Amino acid sequence: SSSQTATTNDDDDSSVATDGSSSSNDEDLSAFNIKNVDRVLEEVRPYLISDGGNVSVKRVDEETMNVYLTLEGACGSCPSSTVTMKMGIERVLKENFPNLNEVLQVDNADETNGEIPTELTMGAVREEVNRLKPAVSAMGGVLEIVGVDPEFGVVELTFRGSNKVRHGVELAVLDIPFANKVMFVAESNNGDNNNDGGNSMSLLFG
């Protein structure tokens, strides 16, 4: 009977451990931090990018429950950017973080911490493209970096997807410091996509 009791206790312990790990995962996903705020914003990024804009999380304040964001591209200069922030982004965040206080807009210049870039870098381009990729993929697009020319501020990309999304990607990349031009180049296997390649080149030089 003692061995049966031990088995029962072991089963209880494993059950508790399983429940504990499950609840800890839930807590991780609902924790108020930059990673989770950014994860929630993936819901609205496709809509922002399709309109030529984007949003980045600068910081969160766990004490005040405030979120500080930067609207980029067309969103940053749009007269209705405040409406975008309040009606769209803030609503989505409050659905996921009920205790959220305020969503505040800040400029990139406010958050540079004194680190001022001096030229276009592959690292800056890669960071932006990696941030865009989930939203682009959600809209059925594919985006990759081909190359970066720091001297002339040129970013070369391959892209498959709608022209509207491509325009949004272009505006977002041009928001990178010292990025002066975005070139969409045909992929090497363009035999299957002759029409897309033609459209890409006509848009590039048109």
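The values are calculated or read from the model by the stated rules, or taken from the named source; none is laboratory data. Here the structure is a predicted model, which means the values were calculated and not measured. Note that each Cβ is placed from the backbone with ideal geometry, even for glycine, and that neighbours are counted across all protein chains shown. The accessibility values were calculated without ligands, DNA or RNA, using every heavy atom of the protein model including side chains. Shrake-Rupley method; radii C 1.70, N 1.55, O 1.52, S 1.80 Å.
Within the stretch 14-36, can one find any residue that is in contact with a helix residue (DSSP H, G or I) (Cβ under 7 Å, 6 or more places away or on another chain), of a type in the set (Val, Ile, Thr) and at pLDDT 80 or above? No, the stretch 14-36 has no match at all. Only residues that are open to solvent by less than 40 Å² (accessible area, probe 1.4 Å), under 17 Å from GLU128 (Cα atoms) and part of a loop (DSSP other than H, G, I, E, B) were counted in the stretch 26-65, giving 2. Here ASN113 fulfils each of the conditions (1) surrounded by 13 or more Cβ atoms within 10 Å (Cβ to Cβ); (2) modelled with pLDDT under 85; (3) within 21 Å of THR70 (Cβ to Cβ) apart from (1).
Just one residue in the set VAL182, VAL173, VAL154 is surrounded by 13 or more Cβ atoms within 10 Å (Cβ to Cβ), modelled with pLDDT of 90 or more and under 25 Å from ILE34 (Cα atoms); that residue is VAL173. Quick one: is GLU102 loosely packed, with under 13 Cβ neighbours inside 10 Å, at pLDDT below 90, farther than 30 Å from ASN163 by Cβ and in contact with a strand residue (DSSP E or B) (Cβ under 6 Å, 6 or more places away or on another chain)? The answer is yes for GLU102.
Here GLU144 fulfils each of the conditions (1) at pLDDT below 90; (2) acidic (Asp, Glu); (3) closer than 30 Å to VAL37 by Cβ apart from (1).
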